[in-house]
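Here the structure comes first, spelled out in C-alpha coordinates, and everything after it is commentary.
The values are calculated or read from the model by the stated rules, or taken from the named source; none is laboratory data. Every value quoted in this text rests on a predicted model; they were computed, and no experiment measured them. Here the Cβ positions follow ideal geometry from the backbone for every residue, glycine too, while neighbour counts run over all protein chains shown.
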Amino acid sequence: MAHLLHLWSHRQAAVLCIPTLLYLLSGFGGRFAPKSKLSVSNAWSLARRASSAALVFSIACCCYALWNASILTERPRLASIFSLGSLHLSFRFDLVESLMLFLVSFLGWVIVNYSCSYMAGDPRERVYIGRLMHTLAAVTLLVVTNSMLVFLMAWIATSLALHGLLTLYPTRQAAVIAAHKKFLASRLGDISLLGGVLLLGSQTGSFEMDRIADSVSKLQFVPLSMHIAALLLAVSAILKCAQLPLHGWLIQVMEAPTPVSALLHAGIVNLGGFMLIRLAMVINTTPAAQALLVAVGCFTSVVASLVMTTRISIKVHLAWSTCAQMGFMLMECGLGLYALAFLHLLAHSLYKAYAFLGSGETVNQAKTKGLMPPLRAPRPSVQLVSGLCGLTVAALGEQVWRPAARMDAAAAFRITVVGLAVAGILAAIRSTRSLAGALILAGTSLAVSILYFGYDAFFQKVVTSQIFPQVQHPILLILALIGFVLLYAIQTIIRAYPLGRLATMLYPWFYAGLYLDEIFTRATFRLWPATQFSTPTTRRDAIQPFEGAAQSL
(Lines give C-alpha, C1' and ligand atoms only; values in the text may rest on other atoms or scores of the structure.)
Protein backbone atom coordinates (compact mmCIF):
# COMPACT_ATOMS: atom_id res chain seq x y z
CA MET A 1 0.00 0.00 0.00
CA ALA A 2 2.79 2.39 0.86
CA HIS A 3 4.09 2.54 -2.70
CA LEU A 4 0.64 3.62 -3.90
CA LEU A 5 0.57 6.71 -1.69
CA HIS A 6 1.99 10.11 -2.53
CA LEU A 7 3.02 12.34 0.36
CA TRP A 8 2.31 16.03 0.34
CA SER A 9 4.26 18.69 2.17
CA HIS A 10 3.02 20.20 5.43
CA ARG A 11 2.07 23.39 3.60
CA GLN A 12 -0.09 21.50 1.09
CA ALA A 13 -1.73 19.57 3.92
CA ALA A 14 -2.52 22.75 5.80
CA VAL A 15 -4.47 23.99 2.76
CA LEU A 16 -7.07 21.27 3.39
CA CYS A 17 -7.84 22.89 6.75
CA ILE A 18 -9.12 26.06 5.06
CA PRO A 19 -12.88 25.15 5.02
CA THR A 20 -12.77 23.98 8.63
CA LEU A 21 -11.01 27.16 9.78
CA LEU A 22 -13.40 29.38 7.81
CA TYR A 23 -16.46 27.78 9.38
CA LEU A 24 -14.89 27.74 12.83
CA LEU A 25 -13.87 31.42 12.83
CA SER A 26 -17.19 32.60 11.41
CA GLY A 27 -18.96 30.53 14.07
CA PHE A 28 -17.08 32.31 16.84
CA GLY A 29 -17.88 35.64 15.16
CA GLY A 30 -21.60 34.87 15.33
CA ARG A 31 -21.50 33.37 18.82
CA PHE A 32 -19.80 36.34 20.48
CA ALA A 33 -21.39 39.13 18.45
CA PRO A 34 -23.04 41.82 20.60
CA LYS A 35 -26.82 41.83 20.85
CA SER A 36 -27.59 44.41 18.20
CA LYS A 37 -29.12 44.23 14.74
CA LEU A 38 -25.95 45.59 13.14
CA SER A 39 -23.73 43.03 14.89
CA VAL A 40 -26.03 40.16 13.92
CA SER A 41 -26.05 41.42 10.34
CA ASN A 42 -22.25 41.48 10.36
CA ALA A 43 -22.22 37.93 11.77
CA TRP A 44 -24.45 36.75 8.92
CA SER A 45 -22.24 38.56 6.42
CA LEU A 46 -19.18 36.81 7.85
CA ALA A 47 -20.94 33.43 7.73
CA ARG A 48 -22.03 33.93 4.12
CA ARG A 49 -18.54 34.97 3.06
CA ALA A 50 -17.00 32.01 4.84
CA SER A 51 -19.43 29.55 3.24
CA SER A 52 -18.85 31.10 -0.20
CA ALA A 53 -15.07 30.90 0.21
CA ALA A 54 -15.34 27.26 1.35
CA LEU A 55 -17.49 26.47 -1.69
CA VAL A 56 -15.00 28.07 -4.09
CA PHE A 57 -12.16 26.16 -2.44
CA SER A 58 -14.05 22.85 -2.69
CA ILE A 59 -14.83 23.48 -6.37
CA ALA A 60 -11.13 24.06 -7.02
CA CYS A 61 -10.29 20.83 -5.20
CA CYS A 62 -12.92 18.97 -7.22
CA CYS A 63 -11.59 20.29 -10.52
CA TYR A 64 -8.05 19.30 -9.53
CA ALA A 65 -9.19 15.83 -8.45
CA LEU A 66 -11.23 15.23 -11.61
CA TRP A 67 -8.32 16.37 -13.79
CA ASN A 68 -6.02 13.91 -11.99
CA ALA A 69 -8.66 11.23 -11.30
CA SER A 70 -6.67 8.33 -12.73
CA ILE A 71 -3.63 9.24 -10.61
CA LEU A 72 -5.52 9.94 -7.40
CA THR A 73 -7.46 6.67 -7.61
CA GLU A 74 -4.21 4.73 -7.36
CA ARG A 75 -2.09 7.24 -5.41
CA PRO A 76 -4.10 9.36 -2.95
CA ARG A 77 -2.30 12.37 -1.47
CA LEU A 78 -1.44 12.00 2.20
CA ALA A 79 0.14 14.46 4.60
CA SER A 80 0.51 15.18 8.30
CA ILE A 81 0.87 18.63 9.85
CA PHE A 82 2.08 17.50 13.26
CA SER A 83 2.25 14.41 15.45
CA LEU A 84 1.82 13.97 19.19
CA GLY A 85 2.38 10.36 20.18
CA SER A 86 -0.29 8.29 18.43
CA LEU A 87 -2.27 11.39 17.50
CA HIS A 88 -1.53 12.68 14.01
CA LEU A 89 -3.28 15.62 12.38
CA SER A 90 -3.10 13.99 8.97
CA PHE A 91 -5.15 14.49 5.85
CA ARG A 92 -6.08 12.46 2.82
CA PHE A 93 -7.01 13.86 -0.58
CA ASP A 94 -8.50 11.88 -3.45
CA LEU A 95 -11.60 12.07 -5.62
CA VAL A 96 -13.90 10.63 -2.94
CA GLU A 97 -12.79 13.20 -0.37
CA SER A 98 -12.97 16.08 -2.85
CA LEU A 99 -16.52 15.16 -3.89
CA MET A 100 -17.60 14.86 -0.25
CA LEU A 101 -15.94 18.19 0.56
CA PHE A 102 -17.78 19.80 -2.34
CA LEU A 103 -21.07 18.26 -1.17
CA VAL A 104 -20.65 19.56 2.38
CA SER A 105 -19.52 23.01 1.22
CA PHE A 106 -22.35 23.32 -1.29
CA LEU A 107 -24.97 22.27 1.27
CA GLY A 108 -23.41 24.65 3.80
CA TRP A 109 -23.53 27.53 1.33
CA VAL A 110 -27.18 26.87 0.47
CA ILE A 111 -28.27 26.42 4.10
CA VAL A 112 -26.40 29.51 5.34
CA ASN A 113 -27.96 31.72 2.67
CA TYR A 114 -31.42 30.21 3.28
CA SER A 115 -31.05 30.65 7.04
CA CYS A 116 -30.12 34.31 6.71
CA SER A 117 -33.69 35.21 5.77
CA TYR A 118 -35.39 32.31 7.55
CA MET A 119 -33.95 33.24 10.97
CA ALA A 120 -34.14 37.04 10.53
CA GLY A 121 -35.38 38.65 13.73
CA ASP A 122 -35.36 35.44 15.76
CA PRO A 123 -34.25 35.96 19.39
CA ARG A 124 -31.89 32.99 19.11
CA GLU A 125 -30.34 34.16 15.85
CA ARG A 126 -26.83 34.72 17.22
CA VAL A 127 -26.72 31.33 18.90
CA TYR A 128 -27.97 29.69 15.71
CA ILE A 129 -25.18 31.18 13.61
CA GLY A 130 -22.47 29.93 15.95
CA ARG A 131 -23.87 26.41 16.25
CA LEU A 132 -24.51 26.07 12.52
CA MET A 133 -21.00 27.10 11.51
CA HIS A 134 -19.38 24.92 14.17
CA THR A 135 -21.37 21.94 12.89
CA LEU A 136 -20.13 22.56 9.36
CA ALA A 137 -16.56 22.90 10.67
CA ALA A 138 -16.75 19.51 12.39
CA VAL A 139 -18.19 17.81 9.30
CA THR A 140 -15.51 19.18 6.96
CA LEU A 141 -12.75 18.06 9.33
CA LEU A 142 -14.29 14.58 9.47
CA VAL A 143 -14.32 14.38 5.67
CA VAL A 144 -10.67 15.27 4.98
CA THR A 145 -8.87 13.64 7.92
CA ASN A 146 -6.82 10.47 7.57
CA SER A 147 -6.46 9.87 11.31
CA MET A 148 -9.01 7.65 13.05
CA LEU A 149 -8.52 9.55 16.31
CA VAL A 150 -9.24 12.89 14.65
CA PHE A 151 -12.13 11.24 12.82
CA LEU A 152 -13.52 10.09 16.16
CA MET A 153 -13.21 13.57 17.70
CA ALA A 154 -14.85 15.19 14.65
CA TRP A 155 -17.59 12.52 14.75
CA ILE A 156 -18.39 13.39 18.39
CA ALA A 157 -18.08 17.15 17.77
CA THR A 158 -20.55 16.91 14.87
CA SER A 159 -23.07 15.14 17.09
CA LEU A 160 -22.72 17.62 19.94
CA ALA A 161 -22.95 20.65 17.64
CA LEU A 162 -26.05 19.20 16.01
CA HIS A 163 -27.56 18.61 19.45
CA GLY A 164 -27.18 22.34 20.10
CA LEU A 165 -29.10 23.10 16.91
CA LEU A 166 -31.87 20.63 17.74
CA THR A 167 -32.30 22.21 21.18
CA LEU A 168 -32.13 25.77 19.87
CA TYR A 169 -35.47 26.45 21.56
CA PRO A 170 -35.12 24.77 24.99
CA THR A 171 -38.72 25.54 26.04
CA ARG A 172 -40.17 23.34 23.28
CA GLN A 173 -40.62 20.05 25.08
CA ALA A 174 -41.12 17.97 21.90
CA ALA A 175 -37.82 19.21 20.50
CA VAL A 176 -35.94 18.55 23.75
CA ILE A 177 -37.39 15.04 24.12
CA ALA A 178 -36.44 14.11 20.54
CA ALA A 179 -32.96 15.60 20.96
CA HIS A 180 -32.61 13.71 24.23
CA LYS A 181 -33.32 10.41 22.50
CA LYS A 182 -30.88 11.36 19.75
CA PHE A 183 -28.27 12.24 22.38
CA LEU A 184 -28.46 8.78 23.95
CA ALA A 185 -28.38 6.97 20.60
CA SER A 186 -25.41 9.08 19.49
CA ARG A 187 -23.48 8.33 22.67
CA LEU A 188 -23.98 4.61 22.09
CA GLY A 189 -22.65 5.13 18.57
CA ASP A 190 -19.67 7.09 19.90
CA ILE A 191 -18.82 4.29 22.34
CA SER A 192 -19.05 1.72 19.55
CA LEU A 193 -16.81 3.80 17.29
CA LEU A 194 -14.31 4.37 20.12
CA GLY A 195 -14.12 0.62 20.77
CA GLY A 196 -13.62 -0.10 17.07
CA VAL A 197 -10.89 2.55 16.71
CA LEU A 198 -8.98 1.30 19.76
CA LEU A 199 -9.16 -2.31 18.56
CA LEU A 200 -7.96 -1.33 15.09
CA GLY A 201 -5.11 0.70 16.55
CA SER A 202 -3.99 -2.10 18.87
CA GLN A 203 -4.19 -4.70 16.10
CA THR A 204 -2.50 -2.73 13.29
CA GLY A 205 -0.20 -0.53 15.39
CA SER A 206 -1.48 2.69 13.80
CA PHE A 207 -4.51 4.96 13.83
CA GLU A 208 -3.95 6.17 10.24
CA MET A 209 -6.60 4.96 7.80
CA ASP A 210 -4.14 4.18 5.00
CA ARG A 211 -1.88 2.14 7.30
CA ILE A 212 -4.87 0.31 8.75
CA ALA A 213 -6.00 -0.61 5.23
CA ASP A 214 -2.47 -1.71 4.35
CA SER A 215 -2.22 -3.91 7.46
CA VAL A 216 -5.63 -5.47 6.91
CA SER A 217 -4.83 -6.29 3.27
CA LYS A 218 -1.75 -8.25 4.38
CA LEU A 219 -3.54 -10.36 6.99
CA GLN A 220 -3.46 -14.07 6.26
CA PHE A 221 -5.75 -14.78 9.20
CA VAL A 222 -8.27 -12.29 10.58
CA PRO A 223 -8.06 -12.23 14.40
CA LEU A 224 -11.07 -12.02 16.68
CA SER A 225 -10.29 -8.42 17.63
CA MET A 226 -10.60 -7.39 13.96
CA HIS A 227 -14.01 -9.06 13.68
CA ILE A 228 -15.17 -7.27 16.84
CA ALA A 229 -13.83 -3.94 15.51
CA ALA A 230 -15.75 -4.37 12.24
CA LEU A 231 -18.94 -5.19 14.14
CA LEU A 232 -18.51 -2.12 16.35
CA LEU A 233 -17.99 0.09 13.30
CA ALA A 234 -21.13 -1.36 11.71
CA VAL A 235 -23.14 -0.70 14.90
CA SER A 236 -21.86 2.87 15.03
CA ALA A 237 -22.90 3.48 11.42
CA ILE A 238 -26.34 1.98 12.09
CA LEU A 239 -26.88 4.30 15.04
CA LYS A 240 -25.62 7.34 13.13
CA CYS A 241 -28.01 6.61 10.26
CA ALA A 242 -31.03 6.29 12.60
CA GLN A 243 -31.96 2.73 11.72
CA LEU A 244 -34.81 0.81 13.31
CA PRO A 245 -35.54 0.48 16.19
CA LEU A 246 -33.51 3.56 17.29
CA HIS A 247 -34.98 5.78 14.59
CA GLY A 248 -37.59 7.77 16.50
CA TRP A 249 -35.47 10.86 17.10
CA LEU A 250 -35.01 11.38 13.35
CA ILE A 251 -38.77 11.49 12.85
CA GLN A 252 -39.47 13.76 15.82
CA VAL A 253 -36.89 16.56 15.46
CA MET A 254 -39.22 18.66 13.31
CA GLU A 255 -39.45 21.33 16.01
CA ALA A 256 -36.01 22.52 14.92
CA PRO A 257 -35.79 25.18 12.16
CA THR A 258 -36.23 23.88 8.62
CA PRO A 259 -32.57 24.59 7.64
CA VAL A 260 -31.47 22.37 10.54
CA SER A 261 -33.69 19.57 9.21
CA ALA A 262 -32.13 20.02 5.78
CA LEU A 263 -28.61 19.87 7.25
CA LEU A 264 -29.46 16.79 9.30
CA HIS A 265 -31.22 14.78 6.59
CA ALA A 266 -29.02 15.87 3.70
CA GLY A 267 -25.63 15.76 5.39
CA ILE A 268 -25.03 14.54 8.91
CA VAL A 269 -27.16 11.41 8.82
CA ASN A 270 -25.16 10.25 5.77
CA LEU A 271 -21.85 10.20 7.65
CA GLY A 272 -22.36 6.59 8.74
CA GLY A 273 -22.28 5.49 5.11
CA PHE A 274 -19.22 7.65 4.42
CA MET A 275 -17.38 6.00 7.32
CA LEU A 276 -18.18 2.54 5.94
CA ILE A 277 -16.87 3.54 2.51
CA ARG A 278 -13.63 4.88 4.01
CA LEU A 279 -13.15 1.72 6.11
CA ALA A 280 -14.42 -0.75 3.52
CA MET A 281 -11.30 -2.90 3.86
CA VAL A 282 -12.09 -3.51 7.54
CA ILE A 283 -15.80 -4.21 6.97
CA ASN A 284 -14.97 -6.71 4.22
CA THR A 285 -12.96 -8.86 6.63
CA THR A 286 -16.03 -9.74 8.71
CA PRO A 287 -19.04 -11.44 7.08
CA ALA A 288 -20.97 -10.95 10.33
CA ALA A 289 -20.63 -7.16 10.04
CA GLN A 290 -21.77 -7.28 6.42
CA ALA A 291 -24.71 -9.51 7.32
CA LEU A 292 -25.68 -7.11 10.13
CA LEU A 293 -25.66 -4.14 7.75
CA VAL A 294 -27.72 -6.01 5.16
CA ALA A 295 -30.25 -7.32 7.70
CA VAL A 296 -30.80 -4.00 9.49
CA GLY A 297 -30.69 -1.97 6.28
CA CYS A 298 -33.12 -4.22 4.42
CA PHE A 299 -35.55 -4.37 7.34
CA THR A 300 -35.42 -0.59 7.77
CA SER A 301 -35.87 0.07 4.04
CA VAL A 302 -38.95 -2.13 3.78
CA VAL A 303 -40.64 -0.99 7.01
CA ALA A 304 -39.83 2.71 6.64
CA SER A 305 -41.02 2.72 3.02
CA LEU A 306 -44.37 1.26 4.06
CA VAL A 307 -44.69 3.59 7.06
CA MET A 308 -43.94 6.54 4.79
CA THR A 309 -47.09 5.83 2.76
CA THR A 310 -49.26 6.36 5.87
CA ARG A 311 -47.96 9.87 6.63
CA ILE A 312 -49.62 13.15 5.59
CA SER A 313 -47.19 15.71 7.05
CA ILE A 314 -44.59 16.49 4.39
CA LYS A 315 -41.67 16.82 6.81
CA VAL A 316 -42.55 13.58 8.62
CA HIS A 317 -42.96 11.91 5.24
CA LEU A 318 -39.48 13.11 4.23
CA ALA A 319 -38.04 11.96 7.56
CA TRP A 320 -39.31 8.41 7.04
CA SER A 321 -37.95 8.61 3.49
CA THR A 322 -34.52 9.47 4.90
CA CYS A 323 -34.72 6.51 7.27
CA ALA A 324 -35.53 4.18 4.37
CA GLN A 325 -32.81 5.62 2.13
CA MET A 326 -30.19 5.29 4.85
CA GLY A 327 -31.19 1.65 5.26
CA PHE A 328 -30.74 1.17 1.52
CA MET A 329 -27.29 2.80 1.62
CA LEU A 330 -26.12 0.64 4.55
CA MET A 331 -27.42 -2.43 2.77
CA GLU A 332 -25.34 -1.50 -0.29
CA CYS A 333 -22.25 -1.20 1.92
CA GLY A 334 -22.99 -4.59 3.48
CA LEU A 335 -23.28 -6.09 0.01
CA GLY A 336 -19.88 -4.68 -0.96
CA LEU A 337 -21.37 -2.24 -3.50
CA TYR A 338 -19.43 0.76 -2.22
CA ALA A 339 -19.48 2.64 -5.53
CA LEU A 340 -23.27 2.36 -5.61
CA ALA A 341 -23.47 3.46 -1.97
CA PHE A 342 -21.31 6.54 -2.65
CA LEU A 343 -23.44 7.51 -5.64
CA HIS A 344 -26.54 7.01 -3.49
CA LEU A 345 -25.05 9.19 -0.75
CA LEU A 346 -24.40 12.13 -3.09
CA ALA A 347 -27.75 11.90 -4.88
CA HIS A 348 -29.78 11.53 -1.70
CA SER A 349 -28.05 14.46 -0.01
CA LEU A 350 -28.80 16.86 -2.85
CA TYR A 351 -32.38 15.68 -3.24
CA LYS A 352 -33.21 15.77 0.46
CA ALA A 353 -31.76 19.27 0.92
CA TYR A 354 -33.95 20.50 -1.94
CA ALA A 355 -37.00 18.64 -0.58
CA PHE A 356 -36.74 20.11 2.94
CA LEU A 357 -35.89 23.66 1.89
CA GLY A 358 -38.73 23.56 -0.65
CA SER A 359 -41.25 21.90 1.67
CA GLY A 360 -43.11 25.21 2.03
CA GLU A 361 -44.42 24.83 -1.53
CA THR A 362 -46.16 21.57 -0.65
CA VAL A 363 -49.44 23.31 0.21
CA ASN A 364 -49.58 24.99 -3.20
CA GLN A 365 -48.74 21.72 -4.91
CA ALA A 366 -51.49 19.94 -2.97
CA LYS A 367 -54.02 22.60 -4.03
CA THR A 368 -53.00 22.23 -7.66
CA LYS A 369 -53.19 18.46 -7.44
CA GLY A 370 -56.65 18.70 -5.86
CA LEU A 371 -57.97 20.45 -8.98
CA MET A 372 -56.92 17.54 -11.17
CA PRO A 373 -59.13 14.47 -11.66
CA PRO A 374 -58.05 11.55 -9.45
CA LEU A 375 -56.02 8.86 -11.14
CA ARG A 376 -57.17 5.28 -11.00
CA ALA A 377 -54.90 2.95 -9.12
CA PRO A 378 -53.26 0.48 -11.52
CA ARG A 379 -54.27 -3.12 -11.22
CA PRO A 380 -51.77 -5.71 -9.97
CA SER A 381 -51.54 -7.18 -13.47
CA VAL A 382 -50.54 -3.77 -14.85
CA GLN A 383 -47.95 -3.34 -12.10
CA LEU A 384 -46.60 -6.82 -12.80
CA VAL A 385 -46.20 -6.07 -16.50
CA SER A 386 -44.65 -2.69 -15.66
CA GLY A 387 -42.19 -4.39 -13.31
CA LEU A 388 -41.14 -6.91 -15.96
CA CYS A 389 -40.77 -4.13 -18.53
CA GLY A 390 -38.76 -2.13 -16.00
CA LEU A 391 -36.38 -5.04 -15.49
CA THR A 392 -35.93 -5.28 -19.26
CA VAL A 393 -35.21 -1.55 -19.56
CA ALA A 394 -32.73 -1.73 -16.66
CA ALA A 395 -30.98 -4.68 -18.29
CA LEU A 396 -30.61 -2.66 -21.49
CA GLY A 397 -29.17 0.24 -19.53
CA GLU A 398 -26.69 -2.11 -17.85
CA GLN A 399 -25.57 -3.52 -21.21
CA VAL A 400 -24.85 -0.05 -22.61
CA TRP A 401 -22.00 0.41 -20.12
CA ARG A 402 -21.03 -3.23 -19.52
CA PRO A 403 -21.68 -5.03 -22.82
CA ALA A 404 -19.22 -7.86 -22.14
CA ALA A 405 -19.95 -8.30 -18.44
CA ARG A 406 -21.48 -11.58 -17.30
CA MET A 407 -24.60 -11.61 -15.19
CA ASP A 408 -23.81 -12.17 -11.53
CA ALA A 409 -25.60 -11.59 -8.23
CA ALA A 410 -24.40 -7.97 -7.99
CA ALA A 411 -25.59 -7.16 -11.52
CA ALA A 412 -28.94 -8.82 -10.79
CA PHE A 413 -29.31 -6.65 -7.69
CA ARG A 414 -28.56 -3.43 -9.58
CA ILE A 415 -30.92 -4.34 -12.42
CA THR A 416 -33.72 -5.27 -10.00
CA VAL A 417 -33.44 -2.03 -8.02
CA VAL A 418 -33.36 0.19 -11.11
CA GLY A 419 -36.03 -1.88 -12.87
CA LEU A 420 -38.52 -1.59 -10.02
CA ALA A 421 -37.74 2.14 -9.78
CA VAL A 422 -38.54 2.87 -13.45
CA ALA A 423 -41.59 0.59 -13.31
CA GLY A 424 -43.54 3.52 -11.88
CA ILE A 425 -42.73 5.57 -14.99
CA LEU A 426 -43.78 2.74 -17.28
CA ALA A 427 -47.01 2.20 -15.33
CA ALA A 428 -48.04 5.77 -16.19
CA ILE A 429 -48.19 4.80 -19.89
CA ARG A 430 -51.58 3.26 -19.16
CA SER A 431 -52.99 6.71 -18.36
CA THR A 432 -51.66 8.36 -21.51
CA ARG A 433 -54.02 8.92 -24.43
CA SER A 434 -51.47 9.46 -27.19
CA LEU A 435 -48.70 7.47 -28.77
CA ALA A 436 -46.29 10.39 -28.37
CA GLY A 437 -46.86 10.50 -24.60
CA ALA A 438 -46.29 6.76 -24.30
CA LEU A 439 -43.06 7.01 -26.29
CA ILE A 440 -41.86 9.90 -24.13
CA LEU A 441 -42.44 7.90 -20.93
CA ALA A 442 -40.74 4.83 -22.36
CA GLY A 443 -37.79 6.92 -23.53
CA THR A 444 -37.58 8.63 -20.14
CA SER A 445 -37.38 5.29 -18.32
CA LEU A 446 -34.63 4.10 -20.67
CA ALA A 447 -32.73 7.39 -20.29
CA VAL A 448 -32.96 7.18 -16.50
CA SER A 449 -31.62 3.63 -16.60
CA ILE A 450 -28.72 4.50 -18.91
CA LEU A 451 -27.85 7.60 -16.92
CA TYR A 452 -27.93 5.72 -13.62
CA PHE A 453 -25.68 2.91 -14.82
CA GLY A 454 -23.37 5.46 -16.42
CA TYR A 455 -22.92 7.21 -13.07
CA ASP A 456 -22.47 3.81 -11.44
CA ALA A 457 -19.72 2.88 -13.91
CA PHE A 458 -17.97 6.19 -13.19
CA PHE A 459 -18.10 5.81 -9.41
CA GLN A 460 -17.07 2.18 -9.77
CA LYS A 461 -13.73 3.46 -11.05
CA VAL A 462 -13.54 6.23 -8.47
CA VAL A 463 -14.35 4.27 -5.32
CA THR A 464 -13.38 0.72 -6.20
CA SER A 465 -9.61 0.33 -6.31
CA GLN A 466 -6.90 -1.58 -4.51
CA ILE A 467 -7.80 0.40 -1.40
CA PHE A 468 -11.55 -0.36 -1.51
CA PRO A 469 -12.05 -3.82 -3.02
CA GLN A 470 -15.49 -5.32 -3.37
CA VAL A 471 -16.34 -8.49 -1.48
CA GLN A 472 -19.82 -9.77 -2.23
CA HIS A 473 -21.78 -12.65 -0.75
CA PRO A 474 -24.45 -14.09 -3.10
CA ILE A 475 -26.65 -15.18 -0.18
CA LEU A 476 -26.86 -11.62 1.15
CA LEU A 477 -27.61 -10.31 -2.33
CA ILE A 478 -30.42 -12.84 -2.75
CA LEU A 479 -31.91 -11.84 0.62
CA ALA A 480 -31.78 -8.17 -0.38
CA LEU A 481 -33.49 -8.97 -3.69
CA ILE A 482 -36.24 -10.82 -1.84
CA GLY A 483 -36.78 -7.80 0.39
CA PHE A 484 -37.16 -5.39 -2.55
CA VAL A 485 -39.46 -7.70 -4.49
CA LEU A 486 -41.59 -8.19 -1.36
CA LEU A 487 -41.81 -4.41 -0.85
CA TYR A 488 -42.85 -3.90 -4.47
CA ALA A 489 -45.50 -6.62 -4.21
CA ILE A 490 -47.00 -5.22 -0.98
CA GLN A 491 -47.11 -1.68 -2.33
CA THR A 492 -48.73 -2.93 -5.54
CA ILE A 493 -51.51 -4.76 -3.70
CA ILE A 494 -52.18 -1.87 -1.30
CA ARG A 495 -52.39 0.69 -4.13
CA ALA A 496 -54.74 -1.53 -6.12
CA TYR A 497 -56.94 -2.42 -3.13
CA PRO A 498 -56.58 0.37 -0.53
CA LEU A 499 -59.57 -0.98 1.42
CA GLY A 500 -58.69 -4.63 0.97
CA ARG A 501 -57.90 -7.16 3.66
CA LEU A 502 -54.10 -6.73 3.44
CA ALA A 503 -54.27 -2.92 3.63
CA THR A 504 -56.70 -2.85 6.56
CA MET A 505 -54.61 -5.42 8.41
CA LEU A 506 -51.24 -3.70 7.91
CA TYR A 507 -52.27 -0.05 8.17
CA PRO A 508 -52.60 0.20 11.99
CA TRP A 509 -49.25 -1.48 12.49
CA PHE A 510 -47.31 0.57 9.99
CA TYR A 511 -49.04 3.80 10.98
CA ALA A 512 -47.67 3.16 14.47
CA GLY A 513 -44.23 2.25 13.09
CA LEU A 514 -44.63 -1.25 14.56
CA TYR A 515 -44.52 0.48 17.98
CA LEU A 516 -40.71 0.23 17.97
CA ASP A 517 -40.12 3.85 18.92
CA GLU A 518 -42.52 3.66 21.88
CA ILE A 519 -40.48 0.84 23.36
CA PHE A 520 -37.23 2.78 22.96
CA THR A 521 -38.80 5.97 24.34
CA ARG A 522 -39.96 4.26 27.55
CA ALA A 523 -36.52 2.72 28.01
CA THR A 524 -34.94 6.14 27.40
CA PHE A 525 -36.93 7.86 30.14
CA ARG A 526 -36.24 5.06 32.60
CA LEU A 527 -32.52 5.24 31.87
CA TRP A 528 -32.07 9.02 31.75
CA PRO A 529 -34.98 11.48 32.11
CA ALA A 530 -35.03 14.39 29.69
CA THR A 531 -35.34 16.98 32.45
CA GLN A 532 -31.56 17.12 32.60
CA PHE A 533 -31.52 19.06 29.32
CA SER A 534 -34.08 21.70 30.25
CA THR A 535 -32.75 25.24 30.58
CA PRO A 536 -35.68 27.62 31.21
CA THR A 537 -35.41 30.18 33.95
CA THR A 538 -37.66 28.32 36.39
CA ARG A 539 -36.67 24.79 37.26
CA ARG A 540 -40.16 23.70 38.32
CA ASP A 541 -41.70 25.12 35.15
CA ALA A 542 -39.20 23.12 33.13
CA ILE A 543 -39.82 19.81 34.88
CA GLN A 544 -43.60 19.74 34.66
CA PRO A 545 -43.95 19.57 30.84
CA PHE A 546 -41.39 16.77 30.59
CA GLU A 547 -43.06 14.79 33.36
CA GLY A 548 -46.37 14.97 31.53
CA ALA A 549 -44.77 13.97 28.23
CA ALA A 550 -42.93 11.07 29.81
CA GLN A 551 -46.10 9.78 31.48
CA SER A 552 -48.05 9.98 28.23
CA LEU A 553 -45.36 7.99 26.46
_I'm trying to understand the selection: among the residues of the stretch 85-128, which are of a type in the set (S, T, N, Q), more than 24 Å from residue 171 (Cα to Cα) and modelled with pLDDT of 85 or more?_
98, 105, 113
_Residue list for the stretch 1-28, filter: modelled with pLDDT of 65 or more and either assigned by TED's automatic domain parsing to the domain that holds residue 154 or crowded, with 21+ Cβ neighbours inside 10 Å (or both)_ = 16, 19, 20, 22, 23, 26, 27
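Conditions (1) more than 27 Å from residue 121 (Cα to Cα); (2) at pLDDT 80 or above, marked per residue:
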| position | (1), (2) |
| --- | --- |
| 31 | no, no |
| 36 | no, no |
| 41 | no, yes |
| 45 | no, yes |
| 50 | no, yes |
| 57 | yes, yes |
| 61 | yes, yes |
| 68 | yes, no |
_Show me the helices (runs of 4 or more DSSP H) found entirely inside the stretch 196-269 where at least 1 residues are among the hydroxyl-bearing types (Ser, Thr, Tyr) and not assigned by TED's automatic domain parsing to the domain that holds residue 125._
209-217, 224-240, 258-266
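So, residue 161, is that one crowded, with 19+ Cβ neighbours inside 10 Å, outside the structural domain of residue 134 (by TED's automatic domain parsing) and of a type outside the set (D, E, K, R) or not?
Numbers: crowded, with 19+ Cβ neighbours inside 10 Å: yes; outside the structural domain of residue 134 (by TED's automatic domain parsing): yes; of a type outside the set (D, E, K, R): yes.
When the stated conditions are applied, residue 161 passes them.
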*Quick one: residue 139 ticks every box in (1) assigned by TED's automatic domain parsing to the domain that holds residue 268; (2) in a helix (DSSP H, G or I); (3) of a type in the set (A, V, I, L, M) except a single one, so which number is it?*
(1)
*When both residues are 6+ apart or on different chains and their Cβ atoms are under 9 Å apart, which pairs have a first residue that lies in the stretch 431-451 and is within 14 Å of residue 386 (Cα to Cα), and a second that is outside any helix (DSSP H, G or I)?*
431/375; 431/376; 431/378; 438/432; 441/432
*Sort out which residues of the stretch 252-267 are buried (at least 23 other Cβ atoms within 10 Å of the Cβ) and hydrophobic (A, V, I, L, M, F, W, C), and write them in order of number.*
253, 260, 262, 263, 264, 266
*Which residues, taken from the stretch 111-125, are assigned to a helix (DSSP H, G or I) and in contact with a Pro (Cβ under 9 Å, 6 or more places away or on another chain)?*
111, 112, 114, 115, 118
*Would you mention how many residues in the stretch 412-458 are more than 18 Å from residue 495 (Cβ to Cβ), under 25 Å from the mean Cα position of the chain (by Cα) and β-branched (Val, Ile, Thr)?*
6
*Which of (1) modelled with pLDDT of 85 or more; (2) out of contact with any Ser or Thr (no Cβ under 6 Å at 6 or more places or on another chain) does residue 410 not meet, given it meets every other one?*
(1)
